[in-house]
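This report refers to the structure that appears directly beneath it.
The values are calculated or read from the model by the stated rules, or taken from the named source; none is laboratory data. Model, not experiment: these values are computed from the prediction. Cβ atoms come from the backbone with ideal geometry, glycine included; neighbour counts cover every protein chain shown. Protein only, heavy atoms only, side chains kept; ligands, DNA and RNA dropped before computing areas. Shrake-Rupley method; radii C 1.70, N 1.55, O 1.52, S 1.80 Å.
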Number of protein chains: 4
Amino acid sequence: MSEPPQKVATLLVSCADQRGIVAAIAAAIAGAGCNILDADQHTDPQADMFFQRIRFDVSHLGVDPAEAERAISEVSKRFGMQTSLSYSDRPKRVALFVSKYDHCLVDLLWRSRAGEFRAEFPLVISNHPDLAETVRGFGARFEHVPINSANKAEQEQKELALLRERAVDLVVLARYMQVLSADFIDRVGVPVINIHHSFLPAFIGGKPYHQAYERGVKLIGATAHLVTSQLDEGPIIEQDVVRCSHRDLVSDLVRKGRDLEKMVLARAVRHHLEDRVLQYGNKTVVFD
Amino acid sequence: MSEPPQKVATLLVSCADQRGIVAAIAAAIAGAGCNILDADQHTDPQADMFFQRIRFDVSHLGVDPAEAERAISEVSKRFGMQTSLSYSDRPKRVALFVSKYDHCLVDLLWRSRAGEFRAEFPLVISNHPDLAETVRGFGARFEHVPINSANKAEQEQKELALLRERAVDLVVLARYMQVLSADFIDRVGVPVINIHHSFLPAFIGGKPYHQAYERGVKLIGATAHLVTSQLDEGPIIEQDVVRCSHRDLVSDLVRKGRDLEKMVLARAVRHHLEDRVLQYGNKTVVFD
Amino acid sequence: MSEPPQKVATLLVSCADQRGIVAAIAAAIAGAGCNILDADQHTDPQADMFFQRIRFDVSHLGVDPAEAERAISEVSKRFGMQTSLSYSDRPKRVALFVSKYDHCLVDLLWRSRAGEFRAEFPLVISNHPDLAETVRGFGARFEHVPINSANKAEQEQKELALLRERAVDLVVLARYMQVLSADFIDRVGVPVINIHHSFLPAFIGGKPYHQAYERGVKLIGATAHLVTSQLDEGPIIEQDVVRCSHRDLVSDLVRKGRDLEKMVLARAVRHHLEDRVLQYGNKTVVFD
Amino acid sequence: MSEPPQKVATLLVSCADQRGIVAAIAAAIAGAGCNILDADQHTDPQADMFFQRIRFDVSHLGVDPAEAERAISEVSKRFGMQTSLSYSDRPKRVALFVSKYDHCLVDLLWRSRAGEFRAEFPLVISNHPDLAETVRGFGARFEHVPINSANKAEQEQKELALLRERAVDLVVLARYMQVLSADFIDRVGVPVINIHHSFLPAFIGGKPYHQAYERGVKLIGATAHLVTSQLDEGPIIEQDVVRCSHRDLVSDLVRKGRDLEKMVLARAVRHHLEDRVLQYGNKTVVFD
């Protein structure tokens, strides 16, 4: 996608489908003197829902973003919309949760350093100390928060405090091997994206590469999804697969899977950071 | 895509980028009482061009399509737009040109019969008689128009007359082994889609599978493109590839390529029939 | 793959892994004066099993295939092998089972007519009369064997008799909507390949495209597998996927799935017809 | 692939096709008491060439690798073969050449550290100093060898000396932006693998992503090939593509292409390190 030098606002809208929505939003934005750059729209006829992603320029002379916000807010109330608005000059802040595997971590931090994401990665939390040096090599803060069954509730409080303190907008579980408690998910207040190392809903649960090996599949997959209180059941953002064969041992599936996990998670994170993902029920709209 | 029972209009717009376009079009459609169902939009910042595909319902009580057309026409003049408007109850009419290979022909006619296209296929023209029976088995009219260097101009006149007589909206070259003259292309008056059996611009010209074999590539491709007077240089609509290896002889590439040609051509035809393709310069916007 | 004019034998071997197997087989074939054209080999270190596919020329002057068979049989006994031997001049005979959907049927018969398979398709069995004309258009025999819960045992006997009468080597369920009884599977005596319209083991059972739609997956798949008495649990031969999105309704998944089912089933059938598939436990080795 | 604890020899063979080769090699290896683990074989009927990759266990009691080598050498002479033999306990040594882009470099060094390659990476040579710290962070030696038109011959001598000094078996150009001289290629004495950022032979030469953008392709590719004195014309080892659209600017193609370059180069390097690649004429056999 084009990344123009101007200041761009991205509006996400979801609501019950009804007549006149598109025209009303366009009029609100144009009325505030903003030029619409890009718009994607979707109607789910079964759920009877309407979704829109609309990007507009707020850097023109005489444009007052606050006025656009007021106009959008008015339309939003009229149509019963859920909306979110983000600005290109306020990059999202991402916290990564990791354990011992470093492939997704290194991949995301490398991409961030290479300028692939319009985002900041100020915090990495791990239940193991192993990746501290790797994280610091990328200039991010590393917090070791060991967790066991006895201290889980208390340690999750600590994690929530760290997220608030660092003003995090998104949590990414980059092969984090702890299950988040329902309480944590309730209270985190920002989206949480997880990478599952199978083509969900195949091979839900533990050791999916072993399960795939036993079943003799000819493709293995990875799935990035939003985390809900239902383990491995959250809305899917992105999936992909790679071919395997009778020659692949579990160790080969793990190796091929690493590449897949990196790619799928990076694409999902990118989609989210560019405000392309809307959740409804157990599904997503991903405007690409 | 959803295929609602209502009567739907699809508007394609392209013009120089400028402020207020989106809002103006939305207002014109809403002003005529029509509900916008779906909209996709693209700005090419390099070419400074704006493109939109917008679908709206014209089956509501009190909606007058002619009023929508007048309003759109007014906006179109104001902004210097190129527009096209089609209606779901007026299916496009497609002519196929073939020679001796039947795979793309059978694939397209089978898809048509299976209801995959909202279109009619009233005419097949061939420079060989071989596929007459196959075509008639699908209930389409077959016209044998043999061509040699001496009679080409005259026979192309005959083809143009057949296209006009059958009120054709689109010509598809489904592995047609004759080069259309510049004169034919000038006068045909409807888009012409061709399938080239390579990943253009690799292996331009004759015998691309032989060229691919000689070069030892590890993937072969197919390309569906709009036909212009520049052979194999027209705007690309769709491409895909399939893996090959040292084990593949030319005959294997031909076999694998057939599957690819069918898929790529069918997708391109489908995109065109659903009014998803806009041409500009030597490129296309394909809203999918 | 090369398709030489000579008469070629293809030997498939599976046995417990042990020293000297490769050399013993090579010596047996060479000893009978045959030239080895191609050999693939695989060892599963976990199952401790050895697999080989070996093609050799039996058309040279002075070669006696019977002598090669004797030598192979001797090696086979010595090492406790399971072997199968087929000859390029004795094409396999395939029966298709269908119901009402014609896409896999037409695809396989078209490929057969186009010379893609070294096989004959002398028989199509259906529990519905609808596809009789389509089948006869390809010159194959159509047998209507209607099945209900009351007559199932009896009608399956009729099917088995038809398979024997037509000397069938392979049964392909080309979207056949009846579950074969355990008794049928026990007695059929030839491999049975099925196409399941999901990426197994995801969406086992009925209406997988509806299940996929409800789950909001971003890819849909198809799986060709050998049929065992465990429904949807047989050894997988081939799988593939295609991308889908929030824009796809169930009807779109069905349409995209048709292309996938055709491709995946055709590849699996081709692999089997070229003697590339070995089954062991619930898995396959596919030498490609 | 399985990575057994035993010591494994991998033999690559190429020669004119002739009767008895497979049996002779198998007999030579078995005669030396070695068990064949895996064998792949290919005949190119057009070039009339035979190729084989054969892995055998040399860790059994009583096995003398030297005896196997003598037996193979005898067979090799008899049939006029080109052979190469490598052992699992003597990992290949790889030198990387880089300029300023770090994505392929970091990817390869990360994979090496993660144990994906059975190889050592003792040396990185660059014409720029920028990546020195990155390289040292992975524990590899970094050599800055700046090159301009005046000093090229002399600096290439220095590079050749470094390769010899570090006993390098393979050179990988990981987005190295200097053209190697014909003299360097003649004298380097080990294979050189390059990653080209297009689907060769499309977009040969400079700025392929710009060329792809101008042409409006719907897929971009990357190609890993062996370097010969013909720029971008060497034998292809591996290629892959990724989908792009009208929404992708050149900067997006560059970003998507980075992922592709990493994957394609890593696969090609892996294939080479596992002795799966044989070159003949301008082609490769890649046994996978």
Boolean, residue A:106 is of a type in the set (Val, Ile, Thr), in a helix (DSSP H, G or I), in contact with a helix residue (DSSP H, G or I) (Cβ under 7 Å, 6 or more places away or on another chain) and more than 30 Å from residue A:136 (Cα to Cα): no
In region B:113-135, the residues that are over 30 Å from residue B:86 (Cα atoms) and touching a Leu at 6+ places or on another chain (Cβ under 9 Å): B:131, B:134
Tally, over region C:266-285, of residues that are part of a helix (DSSP H, G or I) and open to solvent by less than 40 Å² (accessible area, probe 1.4 Å): 7
Filter region A:224-256 down to residues that are more than 8 Å from every other protein chain (Cβ to nearest Cβ), in contact with a Lys or Arg (Cβ under 8 Å, 6 or more places away or on another chain), buried (at least 17 other Cβ atoms within 10 Å of the Cβ) and in a strand (DSSP E or B), then give me how many there are. 1
Output the residues belonging to region C:229-257 that are over 16 Å from the mean Cα position of the chain (by Cα) and of a type in the set (A, V, I, L, M). C:231, C:241, C:242, C:249, C:250, C:253, C:254
Can you name every residue in region A:110-142 that is in contact with a His (Cβ under 7 Å, 6 or more places away or on another chain) and part of a strand (DSSP E or B)? A:126
Any chance region B:148-167 includes a residue that's in contact with a His (Cβ under 7 Å, 6 or more places away or on another chain) and among the aliphatic types (A, V, I, L, M)? no
Output the number of the condition that residue D:288 fails; it satisfies all remaining conditions of (1) surrounded by fewer than 21 Cβ atoms within 10 Å (Cβ to Cβ); (2) assigned to a helix (DSSP H, G or I); (3) not aromatic (Phe, Trp, Tyr). (2)
Among C:121, C:138, the single one that is touching a helix residue (DSSP H, G or I) at 6+ places or on another chain (Cβ under 6 Å), under 29 Å from residue B:101 (Cβ atoms), among the hydrophobic types (A, V, I, L, M, F, W, C) and surrounded by 20 or more Cβ atoms within 10 Å (Cβ to Cβ) is C:121
Can we say residue B:107 is under 30 Å from residue D:199 (Cα atoms) and among the charged types (D, E, K, R)? yes
Condition check for residue B:192: in contact (Cβ under 8 Å) with a residue 40 or more places away in the chain and surrounded by 18 or more Cβ atoms within 10 Å (Cβ to Cβ): no
The number of residues in region A:178-189 that are in a loop (DSSP other than H, G, I, E, B) and open to solvent by 60 Å² or more (accessible area, probe 1.4 Å) is 2
On the given criteria, is residue A:149 polar (S, T, N, Q) and modelled with pLDDT of 95 or more? no
Is it the case that residue D:198 is open to solvent by 30 Å² or more (accessible area, probe 1.4 Å), in a loop (DSSP other than H, G, I, E, B) and either under 19 Å from residue D:97 (Cα atoms) or of a type outside the set (Phe, Trp, Tyr) (or both)? no
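Residue-by-condition table, conditions (1) out of contact with any Leu (no Cβ under 7 Å at 6 or more places or on another chain); (2) over 20 Å from residue C:263 (Cα atoms):
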{"residue": "C:49", "(1), (2)": "yes, yes"}
{"residue": "C:67", "(1), (2)": "yes, yes"}
{"residue": "C:78", "(1), (2)": "yes, yes"}
{"residue": "C:85", "(1), (2)": "no, yes"}
{"residue": "C:110", "(1), (2)": "yes, no"}
{"residue": "C:137", "(1), (2)": "yes, yes"}
{"residue": "C:144", "(1), (2)": "yes, yes"}
{"residue": "C:149", "(1), (2)": "yes, yes"}
{"residue": "C:152", "(1), (2)": "yes, yes"}
Given the criterion closer than 30 Å to residue D:271 by Cα, modelled with pLDDT of 95 or more and in contact with a Phe, Trp or Tyr (Cβ under 8 Å, 6 or more places away or on another chain), identify the matching residue among B:285, B:241, B:269. B:241
Can you tell me how many residues within region A:53-93 are within 18 Å of the chain's Cα centre (by Cα) and of a type in the set (D, E, K, R)? 4
Out of (1) open to solvent by 30 Å² or more (accessible area, probe 1.4 Å); (2) in a loop (DSSP other than H, G, I, E, B); (3) more than 10 Å from chain A (Cβ to nearest Cβ); (4) touching a strand residue (DSSP E or B) at 6+ places or on another chain (Cβ under 9 Å), the one residue C:263 does not meet is (2)
Return the only residue of C:50, C:79 being open to solvent by 20 Å² or more (accessible area, probe 1.4 Å) and in contact with a Cys (Cβ under 7 Å, 6 or more places away or on another chain). C:79
Any residue in region B:93-107 that is surrounded by 20 or more Cβ atoms within 10 Å (Cβ to Cβ), within 13 Å of another protein chain (Cβ to nearest Cβ) and of a type in the set (Lys, Arg)? no
Whichever residue in region B:162-177 is assigned to a loop (DSSP other than H, G, I, E, B) and charged (D, E, K, R) and, among such residues, is least open to solvent (accessible area, probe 1.4 Å): B:175
Only one of C:213, C:209 is within 9 Å of chain A (Cβ to nearest Cβ), in contact with a helix residue (DSSP H, G or I) (Cβ under 9 Å, 6 or more places away or on another chain) and either among the aromatic types (Phe, Trp, Tyr) or in a helix (DSSP H, G or I) (or both); which? C:213
Is it the case that some residue within region A:7-14 is buried (at least 20 other Cβ atoms within 10 Å of the Cβ) and modelled with pLDDT under 85? no
Of the conditions (1) touching a residue at least 60 places away in the same chain (Cβ under 8 Å); (2) of a type in the set (A, V, I, L, M); (3) open to solvent by 20 Å² or more (accessible area, probe 1.4 Å), residue A:72 fails just one. Which one is it? (3)
